[in-house]
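The values are calculated or read from the model by the stated rules, or taken from the named source; none is laboratory data. Because the structure is a prediction, the values reported are computed rather than measured. Every residue, glycine among them, receives a Cβ derived from its backbone with ideal geometry; neighbour counts consider all protein chains shown. The area values use the complete protein model at the heavy-atom level, side chains included, leaving out ligands, DNA and RNA. Shrake-Rupley method; radii C 1.70, N 1.55, O 1.52, S 1.80 Å.
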Amino acid sequence: MTTLEVENRSEMKPTLPSRYYYGPDIYELEKERIFYSSWICAGRAEQVPNPGDFFRCAVADESVIIVRDKAGSINAFYNVCRHRGNRLCTEDSGRFKAGALACRYHGWTYALDGKLIATPNMVDADRFRKEDFSLYPVAVQLWEGFIFINLSSEPEPFTPDLGKVGPKLHRYNLSNLRLGYRKVYDIKANWKLVIENNVECYHCPGVHPELCEIQPGFKSGIIGQEEADGAYLVDGGSTYSTSAKTTRPLISTITKEDEARFRSVTLYPNLFLGLLPEHVFVFYKWPVGPKETRLVVEWLFEPSTIETPGFDPSDTVDFLDMVLSQDWDICADVQMGIQSRAHHSGVYSLQEQLPYKFNQWILKRLEG
Ligand code: FES
Ligand SMILES: [Fe+2]
């Protein structure tokens, strides 16, 4: 077990001002400077295995279509028709029939690469050129089986900061893992409170007694969530369940050093990876408003594990669901508490350096 390195033992750091967690002005700024201009994890490439397959995602107020084209590339577009702005796609996922997206208003039809290919019944004007009316593009980057998108017209370079866990991440073979289960939570708290909760363990002894039973290092509340060594699971455990044990096999590519160990990685602003010897769980955080967050949780396993007859991840799904419900209850209470007229800002203890680091990232982004 390792303990958190504390850079400066004499100084506690302030949280963000309380209004950053509910002010509509701050939320508007975050939309522009964070969610519409940084790389956001939209989902997994396996969600669009074949040409024409698509899913939609909501990045704050924007709707984006992710689609695989006939050449096999994954593209993303604003979900907006170039004619008069109709929302093109109204389903969450599916397959575009006939390999094209047709707007249901006047029938303008787009190829899977975004090019306008048909304008049925339209009386062509002399200077109208279809090539001027492709769908508005959204930048796409694939990484470890994840699809990242960037709504900026000039996206910054994609350089994920994996921290200390980075050198070990390849051992979990993320790009090969497949979805075993998905669950959606609607949390009554600002998206930053959800991340701040995820990246510190000071709250674990009080809020997560069951988690501390299988991960005793969390009982001290000073385990750094992103340390290279992570935290040990009891009795050689391999998963999050009441005993930390399961009959499912370990991920075949991990090493001895990864066994009975939990690690995590946070990629700001919306992705969290929980790395267990037997599976990886993923959080995608989507702001819905200044005081609400939608969290999508996915449990990823090796394909051979999922294909095993009787595959049933409910032991680990139920356990994590219990832990997360404890977190979201607290986050909702914090959201209410910080809105008090008495509370203008809080303070971070020495073992809460990661939330502070996250807050510094926020402030830097908001400065522009
Ligand atoms: S708004 Fe889409 S075809 Fe008219
Ligand atoms: Fe927690």
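Has region 279-290 got any residue that is part of a strand (DSSP E or B) and open to solvent by 30 Å² or more (accessible area, probe 1.4 Å)? Yes - at least one qualifying residue is present in region 279-290. For region 74-95, filtering for residues that are closer than 19 Å to Phe146 by Cα and open to solvent by 60 Å² or more (accessible area, probe 1.4 Å) leaves 2. With respect to Leu101, determine if the residue is modelled with pLDDT of 95 or more, closer than 26 Å to Glu28 by Cα and touching a strand residue (DSSP E or B) at 6+ places or on another chain (Cβ under 9 Å). In short, no. The residue that is most open to solvent (accessible area, probe 1.4 Å), among those in region 30-46 that are in contact with a Lys or Arg (Cβ under 9 Å, 6 or more places away or on another chain) and not in a strand (DSSP E or B), is Arg33.
Could you say whether any residue in region 357-364 is among the aromatic types (Phe, Trp, Tyr), buried (at least 19 other Cβ atoms within 10 Å of the Cβ) and in the same structural domain as Trp191 (by TED's automatic domain parsing)? For region 357-364, residues among the aromatic types (Phe, Trp, Tyr), buried (at least 19 other Cβ atoms within 10 Å of the Cβ) and in the same structural domain as Trp191 (by TED's automatic domain parsing): present.
Would you please name the residue that is nearest to ligand 1 (Cβ to nearest atom), looking only at residues in region 96-106 that are surrounded by fewer than 14 Cβ atoms within 10 Å (Cβ to Cβ) and over 30 Å from the mean Cα position of the chain (by Cα)? Among residues in region 96-106 that are surrounded by fewer than 14 Cβ atoms within 10 Å (Cβ to Cβ) and over 30 Å from the mean Cα position of the chain (by Cα), the one nearest to ligand 1 (Cβ to nearest atom) is Tyr105. Close Cβ contacts (under 8 Å, 6 or more residues apart or on different chains) running from residues in region 78-94 that are over 15 Å from Tyr110 (Cβ atoms) and in the same structural domain as Met122 (by TED's automatic domain parsing) to residues that are open to solvent by 50 Å² or more (accessible area, probe 1.4 Å) and away from ligand 1 (no atom under 12 Å from the Cβ) comprise Glu91/Arg56; Asp92/Arg56; Ser93/Gln47; Ser93/Arg56.
Screening the candidates Tyr202, Tyr136 for the property of being open to solvent by 40 Å² or more (accessible area, probe 1.4 Å), within 16 Å of ligand 2 (Cβ to nearest atom) and of a type in the set (Phe, Trp, Tyr) yields one hit, Tyr202. Within region 324-341, residues that are without any contact (Cβ under 8 Å) to a residue 60 or more places away in the chain sit with their Cβ atoms under 9 Å from residues that are near ligand 2 (Cβ under 10 Å from one of its atoms) and assigned to a helix (DSSP H, G or I), at 6+ positions apart or across chains, in these pairs: Asp329/Val207.
Scanning region 329-351 for residues that are closer than 17 Å to Asn197 by Cβ and out of contact with any helix residue (DSSP H, G or I) (no Cβ under 8 Å at 6 or more places or on another chain) gives Asp329, Ala332, Asp333, Met336, Gly337, Val347, Ser349, Gln351.
Listed residues Pro167, Pro157, Pro249; which is open to solvent by 40 Å² or more (accessible area, probe 1.4 Å) and without any contact (Cβ under 8 Å) to a residue 40 or more places away in the chain? Quick ask: steps written out before the conclusion?
Numbers: Pro167 fails: without any contact (Cβ under 8 Å) to a residue 40 or more places away in the chain; Pro249 fails: without any contact (Cβ under 8 Å) to a residue 40 or more places away in the chain.
The unique qualifying residue is Pro157.
Restricted to region 142-154, and to residues there that are open to solvent by less than 30 Å² (accessible area, probe 1.4 Å) and assigned to a strand (DSSP E or B), the residue that is farthest from Glu278 (Cα to Cα) is Asn150.
With respect to the stated conditions, Leu193 is touching a helix residue (DSSP H, G or I) at 6+ places or on another chain (Cβ under 8 Å), farther than 28 Å from Glu257 by Cα, at pLDDT 95 or above and assigned to a helix (DSSP H, G or I). On the stretch given as region 63-90, residues that are farther than 18 Å from Tyr36 by Cβ, touching a strand residue (DSSP E or B) at 6+ places or on another chain (Cβ under 7 Å) and within 16 Å of ligand 1 (Cβ to nearest atom) total 3.
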